[in-house]
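First comes the structure, then the notes that go with it.
Just so it is clear, none of the values below were taken in a lab; they were calculated from the coordinates. Since this is a predicted model, take the numbers as computed values, not measurements. Positions of Cβ are generated from backbone atoms using ideal geometry, with glycine treated the same way; all protein chains shown enter the neighbour counts.
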Amino acid sequence: MKTNYKAQPKFFEDLEATPPIFGVAILNKEKLLEIVREAGAITDLTLLKNEVVALKRVIAFPKSDREGVLNIDSNGDTISLRKDVLISELDQILEAQTIGRAKYYLKRLENGVQETKTNKVSDINLRRWKEYDEIITDSLWVLDKRDTSGAHLGWYWGNFIPQIPHQMILRYTKKKEWVLDTFVGSGTTLIECRRLGRNGIGVELNPDVAGEAKKLVDKEVNKYDVTTEVIPADSRTVDMEKALGEYGIKQVQLLIMHPPYYDIIDFSKDRRDLSQAGSVEEFLKMFGDVVENTTPFLEKGRYFALVIGDKYSKGEWIPLGFRCMDEVLKRGYSLKSIIVKNFEETRGKRNQKELWRYRALVGGFYVFKHEYVMLFKKR
Ligand SMILES: C[S@@+](CC[C@H](N)C(=O)[O-])C[C@H]1O[C@@H](n2cnc3c(N)ncnc32)[C@H](O)[C@@H]1O
């Protein structure tokens with residue numbers, strides 16, 4: 001690395017005074033690697049840190065770039081890195097107490113720049129894992145704001161918050177893979193598929209709802225040119241082989257189910273609708289039939305996300321979530337996670353908040369504030 005912008009003692013103060021830097025730095029990959037490798041070859045900790053300070057200065061103050069780190073014209077090979085993450089990685093090197101530690105962090109940075117490491121089921125670059133802070137890895141989700149951007153209108157009574165399919169798709173599929181939602185309702189999953197460049201098929205029993213969903217999904221920009229299709233059918237009996245065959249595929253890579261929570265919302269008067277089941281037992285049987293009908297079409301080792309809540313009946317808590325979980329576990333899956341997600345106030349309950357609190361106090365129960373995202377892996 002040339003030292004024509006050698007660190008001055010004042011640099012540290014200047015940089016500390018810099019406000020947090022957000023956004024993406026588009027860098028000349030080869031130049032960046034050259035600088036990192038050259039710094040990694042230095043055997044004196046102070047000199048090594050001087051080189052890192054110089055690099056940090058370029059990232060923080062692009063006008064000071066005399067090395068061409070930001071010159072992306074001379075070499076087409078570029079890399080986009082989140083500035084705040086890169087700066088914190090450089091800071092970690094500057095805080096190192098030993099030359100060994102500093103070199104270790106530099107090597108890690110070098111690997112992160114030159115290699116992409118993903119697992120089998122997602123595109124998340126594990127070498128740059130710090131850049132993915134939108135991905136939730138805790139089992140308690142408190143999401144208070146529904147994403148209403150683009151085609152997500154939130155018009156459908158009983159839809160789920162778009163962040164649920166968003167998280168599942170990012171975490172458990174790669175671009176251009178296939179997602180199947182057997183209770184697609186207003187098409188939330190398919191809208192997310194379009195945004196994230198995944199193909200999606202949704203099955204919906206109610207033909208009017210299916211038609212509305214199709215129109216809505218088609219309004220979402222399809223910048224990755226993926227297929228998103230709504231099939232008006234009963235998920236217990238729909239011919240999946242034929243449906244997938246139309247697109248030349250035999251299996252999907254992610255299964256999402258957000259069934260009615262038994263009779264909490266009447267989705268239709270159709271006897272085939274899970275919300276019309278005559279009892280909890282019948283509901284579980286119908287749900288089990290959907291799992292059975294679709295499981296052969298999920299690739300082995302891939303994920304199934306079930307979104308479900310519990311209910312009260314005649315003063316008794318009915319653990320629908322866990323009962324459904326048992327139905328899934330009977331059918332060749334292992335349980336990977338149970339996420340507890342807060343329940344935003346429904347339109348119906350919002351006005352009656354006081355009444356529910358009073359009823360809860362009188363009846364000795366608790367007002368529902370959570371539902372589950374249960375995650376299974378096909379064996
Ligand atoms: C909880 S909603 C799903 C909402 C969806 N996640 C959304 O964001 O709009 C359940 C949906 O399942 C549909 N449904 C009920 N029984 C069905 C069945 N046997 N096959 C397919 N869809 C069914 C209902 O019509 C309803 O639209």
Over the chain, what relative contact order in percent results from Cα pairs under 8 Å that are six or more residues apart? 12
Above 15 Å lies some portion of the pair distances; for the range 38-145, what is it as a whole percent of all C-alpha pairs? 71
Looking at the range 265-330 from every direction and averaging, what is the projected area of its Cα convex hull in nm²? 5.1
Residue (of I124, L70, L90) at the positive-pole extreme of the range 69-128, dipole from beta-carbon charges: I124
What does the highest-first list of 250-260, 358-368 look like by mean Cβ count within 10 Å? 250-260, 358-368
Let me see the pair-distance distribution of the range 159-217: every alpha carbon pair, 5 Å bin width, integer percents in order. 4, 22, 33, 24, 13, 4, 0
Report ³J(HN,Hα) in whole Hz for each residue of the range 38-52, in order, from the Karplus equation J = 6.51 cos²θ - 1.76 cosθ + 1.60 where θ = phi - 60°; Gly and Pro get x. 5, 4, x, 8, 6, 9, 9, 4, 5, 5, 4, 5, 4, 5, 5
By how many degrees, 0 to 90 and rounded to 10, does the Cα axis of helix 280-294 deviate from the longest principal axis of the chain? 50
Which residues does a label at D133 reach in the range 83-104, if reach means a backbone N under 13 Å from a point 7 Å past the Cα toward the Cβ? 83-89
So what's the angle, to the nearest 10 degrees on a 0 to 90 scale, between helix 83-95 and the longest Cα principal axis of the chain? 50
Per-selection Kirkwood Rh - the range 86-213 (Cα, Å, 1 d.p.): 17.3
Quick one: helix 99-114 against the long Cα principal axis of the chain, what's the angle to the nearest 10°, folded into 0 to 90? 60
Rg and Dmax of the range 303-379, using alpha carbons, in Å: what are they? 15.1, 46
From the mean inverse distance of alpha carbon pairs (Kirkwood) and the Cα radius of gyration, derive Rg over Rh for the range 213-345. 0.97
Once you have the Cα-Cα distance between E281 and L335, take 0.36 nm times their residue separation minus that, and quote the gain in nm to one decimal. 17.2 nm
With the cut-off at 19 Å, tell me which of the pairs K31/K56; K120/K242; K130/K223; K56/K103; K63/K83 have Cα atoms farther apart than that. K120/K242; K130/K223
Send over the semi-axes of the range 146-290's equivalent ellipsoid, whole angstrom and largest first, taken as the square roots of 5 times the C-alpha gyration tensor eigenvalues. 24, 17, 13
Sites A360 and R272, calculated FRET efficiency, Cβ-Cβ separation with R0 35 Å, nearest 0.05: 0.50
Among residues other than L45 whose Cβ falls under 13 Å from its Cβ, what is the net charge (Lys/Arg +1, Asp/Glu -1)? 0
Spherically averaged projected area in nm², based on the convex hull that wraps the Cα atoms of the chain: 23.7
Just to be sure I understand: with springs between alpha-carbon atoms less than 10 Å apart, which residue in D91, D273, D234 has the highest mean-square fluctuation in the Gaussian network model of the chain? D91
Give me the dipole magnitude in Debye, nearest 20, for the chain about the Cα centre, with unit charges on the beta carbon: positive for Lys and Arg, negative for Asp and Glu. 600
Kirkwood-based Rg over Rh for the range 224-265 (C-alpha set), two decimals? 1.03
Cross-link partners of K353 among aspartates and glutamates (Cα-Cα below 19 Å; sequence separation of 8 or more within a chain): D144, D310, E344, E345, E371
